[in-house]
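Q: One structure coming up, written as structure tokens, with questions to follow.
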Amino acid sequence: MNPDASLAALRERYGPRYRWLLLLSLMVGTMASIMSSTVVNVAIPGISHYFVIDQGRAQWVSSGFMVAMTASMLTTPWLLARFGYRRVYAATMLMLMAGGIVGGLATNYSIVLAARVAEGLAAGIVQPIPAIVILRGFGREEQGRAGGIFGMGVVLAPAIGPSIGGVLVDLFGWRSIFFMVVPFCLLSLWLAFRFVPDTAPGGGAAERTSALDWRGLALGSAGTLLLLNGLVELRRGGATSWMLLPGAALALAAFIAWQRRLQARGGEPLMNLRLFGYRTFAMGSIVAFIYGTALFGSTYLLPMYMQVALGLSPSYVGTILLPAGIVLAVTIPLAGRLADRQPGHVLVSAGLGLLALSFALMVTVQSGRQIALLVAWAVLGRIGLGFVLSSLNLSAMRALDKDLITYGASTINFVRMLGGACGVSLCGIVLEWRIAAHGDSLAIVPTSPERLAAFHETFWMLAALCGLALAAAWQLRERPQSGQPARS
């Protein structure tokens, strides 16, 4: 370990502002990873045309990224303990940049897909790290503020990424999308070698010698892949879904059983099951899964609702959603400051309540002429989203022992992403079921009252999911002796 790059040395060199410099360094890399996950969607038609493949196969440049990202999140605790913050962070940025360059230069679709998987692996590893730093490097009175500032920066990536990406595709073609992450990665690498310590979480030397839980990683990855494929097939009406979904359940059950067995034998599992002995973390995981389902599902449903049910143009949809994005960016730091002074369960519950209300109120929009209502309900939902984003991780993980924080950050991110992956397919399945029940079809171009009703019923489903999460969110309130596991 380089003494000049230790956590203690960097704190001494930069003083009290060091923790903010470290957070800024991590924010740039996280923005790059999130941007790479969202911006590629605008390039899928171009990729499909260039390689002469159907949309379903081209969609795997997005799906492959999601599977790799979700599975690799669980490896973050082991990697940080074994190699330290700086090596892990720098390696993920190099992998993300290499994936962008290789994907942008590829002349074979298989290489493009492999590059996207590499980018997904890097994105999954890096995303839990900021939560670990916030909980370990900031005092309790500053954690909400730090999370809010970090969240505001990260939200900008999916907000501006697709817009910039669309311009790049129009001007330079689909390959330009892959190169978007390169400047962010270069900047993050420069910051990493200035401000990111080479120590492991806790400030000690990175020296863990236990092997990575490869069996757990294989079972978790297989379960995630089978689940996502099964949901896609279920949505298409494919018969193979009835084999894939039970396979996913078996793989995930085997994963949990193996984690329990490995932990009992004194090994280092990917997912430390001691986490779920803490009531706040167990409830927070339930909230994270349902919240991920509702959030990602609505991200798919809302633009489709505006175009297919209300007959608005894609460019107009982007304009309508812009105020909601701006409000979200403003809400997150404000909610973060509140998180330092108000109980987390109150803020998470309030956020979920506003999100549920925004979904329920969508039924009042009966035509594309009611733009003011549409913007108002979208803004209301983004205010709720800002409250949840700023408070959920802190509320779920504040009670954890220090040695469990790295596991908690990777696990709750994994659970949220798993819920998000399910949310898109769930909304698609429910929407198509309700459209068919009303005797309509998306193959028919003109909209109809029946189609509008089907969308409204799907929004009601999302509102009900948020209501279900509210019950778990109220259990996030801290009780006396919250530092100890509260087992039920």
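The values are calculated or read from the model by the stated rules, or taken from the named source; none is laboratory data. It should be emphasised that the depicted structure is a prediction, and the values quoted were computed from it without experimental measurement. Note: ideal-geometry Cβ built from the backbone for every residue, glycine included; neighbour counts use all protein chains shown.
Q: Can you name every residue in the stretch 401-410 that is buried (at least 23 other Cβ atoms within 10 Å of the Cβ) and either over 21 Å from the mean Cα position of the chain (by Cα) or under 16 Å from residue 287 (Cβ atoms) (or both)?
A: Scanning the stretch 401-410 gives 408, 409.
Q: Follow-up. Quick check on the stretch 210-221. Is at least one of its residues within 21 Å of the chain's Cα centre (by Cα), under 30 Å from residue 317 (Cβ atoms) and either modelled with pLDDT of 85 or more or assigned to a helix (DSSP H, G or I) (or both)?
A: no
Q: Mind checking whether some residue in the stretch 362-380 is in contact with a His (Cβ under 7 Å, 6 or more places away or on another chain), assigned by TED's automatic domain parsing to the domain that holds residue 441 and not β-branched (Val, Ile, Thr)?
A: The answer is yes, given that some residue of the stretch 362-380 is in contact with a His (Cβ under 7 Å, 6 or more places away or on another chain), assigned by TED's automatic domain parsing to the domain that holds residue 441 and not β-branched (Val, Ile, Thr).
Q: Right, next: Within the stretch 335-342, is even one residue closer than 21 Å to residue 418 by Cβ, in contact with an Asp or Glu (Cβ under 7 Å, 6 or more places away or on another chain) and either assigned to a helix (DSSP H, G or I) or in contact (Cβ under 8 Å) with a residue 12 or more places away in the chain (or both)?
A: No: the stretch 335-342 contains no residue that is closer than 21 Å to residue 418 by Cβ, in contact with an Asp or Glu (Cβ under 7 Å, 6 or more places away or on another chain) and either assigned to a helix (DSSP H, G or I) or in contact (Cβ under 8 Å) with a residue 12 or more places away in the chain (or both).
Q: Out of all the residues in the stretch 431-450, which are of a type outside the set (Val, Ile, Thr) and surrounded by 17 or more Cβ atoms within 10 Å (Cβ to Cβ)?
A: Passing the criteria: 431, 432, 434, 440.
Q: Continuing with the same structure: Name the single residue, out of those in the stretch 412-430 being farther than 19 Å from residue 34 by Cβ and in contact with a Leu (Cβ under 7 Å, 6 or more places away or on another chain), that is surrounded by the fewest Cβ atoms within 10 Å (Cβ to Cβ).
A: If we take residues in the stretch 412-430 being farther than 19 Å from residue 34 by Cβ and in contact with a Leu (Cβ under 7 Å, 6 or more places away or on another chain), then 429 is surrounded by the fewest Cβ atoms within 10 Å (Cβ to Cβ).
Q: Here's something else I'd like to know. In the stretch 1-49, which residues are within 30 Å of residue 171 (Cβ to Cβ) and modelled with pLDDT of 85 or more?
A: If the condition is that a residue be within 30 Å of residue 171 (Cβ to Cβ) and modelled with pLDDT of 85 or more, then 27, 28, 29, 30, 31, 32, 33 are the ones that fit.
Q: Could you count how many residues in the stretch 89-123 are without any contact (Cβ under 8 Å) to a residue 60 or more places away in the chain, among the small types (Gly, Ala, Ser) and within 19 Å of residue 417 (Cα to Cα)?
A: Summing the residues that are without any contact (Cβ under 8 Å) to a residue 60 or more places away in the chain, among the small types (Gly, Ala, Ser) and within 19 Å of residue 417 (Cα to Cα) in the stretch 89-123 gives 1.
Q: Kindly indicate whether residue 276 is buried (at least 20 other Cβ atoms within 10 Å of the Cβ) and either of a type in the set (A, V, I, L, M, F, W, C) or not assigned by TED's automatic domain parsing to the domain that holds residue 73 (or both).
A: Answer is no for this residue.
Q: Which one of 396, 360, 376, 421 is assigned to a helix (DSSP H, G or I) and closer than 22 Å to residue 146 by Cα?
A: Of 396, 360, 376, 421, the one residue that is assigned to a helix (DSSP H, G or I) and closer than 22 Å to residue 146 by Cα is 396.
This table checks each residue for (1) surrounded by fewer than 19 Cβ atoms within 10 Å (Cβ to Cβ); (2) within 24 Å of residue 93 (Cα to Cα); (3) at pLDDT below 90; (4) among the small types (Gly, Ala, Ser).
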| position | (1), (2), (3), (4) |
| --- | --- |
| 200 | no, yes, yes, yes |
| 207 | yes, yes, yes, no |
| 233 | yes, no, yes, no |
| 243 | yes, no, yes, no |
| 285 | no, no, no, yes |
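Q: For residues in the stretch 451-481 being surrounded by fewer than 24 Cβ atoms within 10 Å (Cβ to Cβ) and of a type in the set (S, T, N, Q), which is modelled with the lowest pLDDT?
A: Checking each candidate, the answer is 481.
Q: I'd like the full set of residues that are of a type outside the set (A, V, I, L, M) and within 21 Å of residue 292 (Cα to Cα), limited to the stretch 433-461.
A: 455, 456, 457, 458, 459, 460
Q: Same structure, new question: What do you reckon, is residue 399 touching an Asp or Glu at 6+ places or on another chain (Cβ under 8 Å), among the small types (Gly, Ala, Ser) and over 21 Å from residue 294 (Cβ atoms)?
A: Yes.
Q: Based on this model, can you work out whether residue 418 counts as more than 28 Å from residue 364 (Cα to Cα), within 27 Å of the chain's Cα centre (by Cα) and of a type outside the set (Phe, Trp, Tyr)?
A: On the way: more than 28 Å from residue 364 (Cα to Cα): yes; within 27 Å of the chain's Cα centre (by Cα): yes; of a type outside the set (Phe, Trp, Tyr): yes.
Yes.
Q: If you take the residues of the stretch 45-88 that are surrounded by fewer than 24 Cβ atoms within 10 Å (Cβ to Cβ), of a type in the set (Val, Ile, Thr) and free of Cβ contacts under 8 Å to residues at least 60 places away in the same chain, which of them is farthest from residue 417 (Cα to Cα)?
A: That would be 52.
Q: Please find, among 154, 133, 182, the residue that is under 23 Å from residue 73 (Cβ atoms) and either modelled with pLDDT of 85 or more or in the same structural domain as residue 411 (by TED's automatic domain parsing) (or both).
A: Checking each option against the conditions leaves just 133.
Q: Conditions: (1) at pLDDT below 75; (2) in contact with a helix residue (DSSP H, G or I) (Cβ under 8 Å, 6 or more places away or on another chain); (3) in a helix (DSSP H, G or I). Residue 69 meets all but one. Number of the miss?
A: All conditions are met except number (1).
Q: Which one of 444, 435 is among the β-branched types (Val, Ile, Thr) and in contact with an Asp or Glu (Cβ under 8 Å, 6 or more places away or on another chain)?
A: 435
Q: For the stretch 93-118, give me each residue that is out of contact with any Asp or Glu (no Cβ under 9 Å at 6 or more places or on another chain) and more than 18 Å from residue 176 (Cβ to Cβ).
A: Within the stretch 93-118, 93, 94, 108, 110, 113, 114, 117, 118 meet the criteria.
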